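Please read the structure below before turning to the comments.
Computed from the coordinates by the stated procedures, all read-outs in this text should not be read as laboratory data. Small disclaimer: the values here were computed from a predicted structure and weren't measured. We place every Cβ from the backbone using ideal geometry, glycine too, and count neighbours over all the protein chains shown.
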Amino acid sequence: MNRNPDRERPTGARRSPGSGTDRGDGPAETTPAATTGAPVTAPTPPVPTPAPGGPAPGHPPDARPTHRADRAATPREERRREGRRHDREILALAVPAFGALVAEPLFLLTDSAMIGHLGTAQLAGLGVAAALLATGVNIFVFLAYATTGAVARRVGAGDLPAAIRQGMDGIWLALLLGAVTAATVFATAPALIEAFGASATAAPYGVTYLRISALGIPAMLVVLAATGVLRGLQDTRTPLYVAVGGFGTNAGLNALLIYGLGWGVAGSAWGSVVAQTGMAAVYLWVVVRGARRHGASLRPDAAGIRACARAGTPLLVRTLSLRAVLLIATAVAARMGDVSVASHQIALTIWSLLAFALDAIAIAGQAIIGRYLGAGDADGARRVCRRMVRWGIGSGLVLGAVLAATGPLLLRVFSSDPDVRSQLLVLLLIVAVTQPIAGVVFVLDGVLMGAGDGAYLAWAMLGTLLLFAPVALLVPVLGGGVSALWWTIAGLMMGTRLVTLWLRARTGRWLVTGSVRG
């Protein structure tokens, strides 16, 4: 086991989770990440008093020499310097995270594009099966979210072996849940396809795709958990590389199996399963290598797995509540007619695409906040939270402006129906105007997840669902159209989330420090 630098810190030294200077500390010392070459910030020892003519305390050695006439940095200048450092770290984590988030939906896009050339029945069957599969996997996204914050806390505390051990517990939980889910989906595939209204010609293709794809569910859940481990270790580059590699493998295998060998829908499913299994294997190799390097046990630990399940349950409730909101909205839109549901679905697709950019910033928040709290720096975590809120507002303003400017172009891309275009233009403007709200909601969601405040997130989202559902159901009753429905989504639902998350962030009750949230 590697020696822990935190254990050798002189008495009274303050641990700094930042990647540079923090309140006058010296440059942070870094240790290699447990699983990759990305640096993980370690606690910073106190900086000795410099020799005459050397750099001033709190400045890196390569800083410009100070002069006697130079005054010390003011608190405002120190805050600006710290803010710029936070900005660099957020950007370094968020950009690769965004790439990985965008790469994952390309699996389904590739399948749809290739199967679409085989026939309408094949594409319809794929569409129903893919929707079921996505729902079954996405409810377990807590495997990534809960693991990120828990691992980051251990990193902040300077205990990399415990961080990796925490991650292994999450991976074992993913394998167990994946096996149960795969068996259930495989056995009930015909009933599920029928329940979702697939036609007699499309149903056989849907069953084939769903049953084969079910074999890849354990791998998909391992990918979620392992991604959370690496994010907690402040590494978002490896998930990007794995996601891009998996997408390329999937595209190549699909071309070979669908067209080259003539396997059709089955070939598409097998291509995805092989690619997903390969991604899971790469992640396991990376994590296992790090575990061996730091002496962390690879064996399943029943107590640790149960702890991961308990930590993830509130986030599961939150995710299910959010999915219920979107399902209710789609059901209400469907009652308004084909034009309304078509424009609603396109707007929802664009809204989800914008969410990837905001979610990438939230992921950075999860990792950084968890690390600060693990290091015992509640004040630093609060300052990072304030910086994240600025990022959320700024990103929302930029995304909203881009969407408003490109709206007329998107109309032509997504539909040729003039009625759909007319409704869609209004919906896109609603989405654009409310992006700053969405930006703050996403980053505060990430901050509280990184702090392990899942119980509050669950109750807040349940309350939002209870408020949203009756209002959304009343929209068509009161004569409202799809634009009124979207004001309930982007305005009421997201506005309610903004209020609940903002109030929690201001109370400071989420600022629980330590390597484990008590």
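Most tightly packed first, judged by the mean number of other beta-carbon atoms within 10 Å of their residues, the peptides 228-239, 458-469 read 228-239, 458-469. Panel order for 188, 488, by other beta carbons found within 10 Å of each beta carbon, from fewest to most: 188, 488. Per-residue extension of 0.36 nm, minus the Cα-Cα distance of residue 293 and residue 397, leaves a gain of 33.0 nm for this segment.
Across the stretch 314-328, computed HN-Hα scalar couplings (Karplus, 6.51 cos²θ - 1.76 cosθ + 1.60, θ = phi - 60°) run x, 5, 5, 4, 4, 5, 5, 5, 5, 4, 5, 4, 5, 5, 4 Hz from first to last residue, x flagging Gly and Pro. Using the Karplus relation 6.51 cos²θ - 1.76 cosθ + 1.60 with θ = phi - 60°, the per-residue 3J(HN,Hα) values for the stretch 374-385 come to x, 7, x, 9, 5, 4, x, 4, 5, 5, 4, 4 Hz, with x marking Gly and Pro. The simple Förster model, with R0 at 25 Å and r as the Cβ-Cβ distance, assigns residue 471 and residue 416 a FRET efficiency of 0.15. Compute the signed sum of charges (Lys and Arg +1, Asp and Glu -1) over the other residues within less than 15 Å, Cβ to Cβ, of residue 289. Local net charge: +2. Starting from the Cα gyration tensor of the stretch 365-494, take the square roots of the eigenvalues, sort them a ≥ b ≥ c, and report rounded, prolate or oblate (rounded when a/c is under 1.5, otherwise prolate if a/b is larger than b/c, else oblate). Oblate, since a/c reaches 1.5 and b/c is not below a/b. Each peptide in 498-510, 139-151 receives the mean, over its residues, of other Cβ atoms within 10 Å, and ordering these scores from highest gives 139-151, 498-510.
Mind sorting 437, 217 by how few other Cβ atoms lie within 10 Å of their own Cβ, fewest first? Arranged by neighbour count, lowest to highest, 437, 217 become 437, 217.
Between the C-alpha center of the stretch 229-257 and that of the stretch 149-171 there is a gap of 23 Å.
Per the Kirkwood formula applied to alpha carbons, the stretch 94-300 shows a radius of gyration over Rh ratio, Rg over Rh, of 1.02. For residue 183 and residue 261, the difference between the fully extended length at 0.36 nm per residue and the C-alpha to C-alpha distance is 25.3 nm. Taking Rh as the Kirkwood radius computed over C-alpha pairs, what is the Stokes-Einstein D of the stretch 433-517 at 10 °C in a medium of viscosity 1.306 mPa s, expressed in µm² per second? It diffuses with D of about 114 µm²/s by this estimate.
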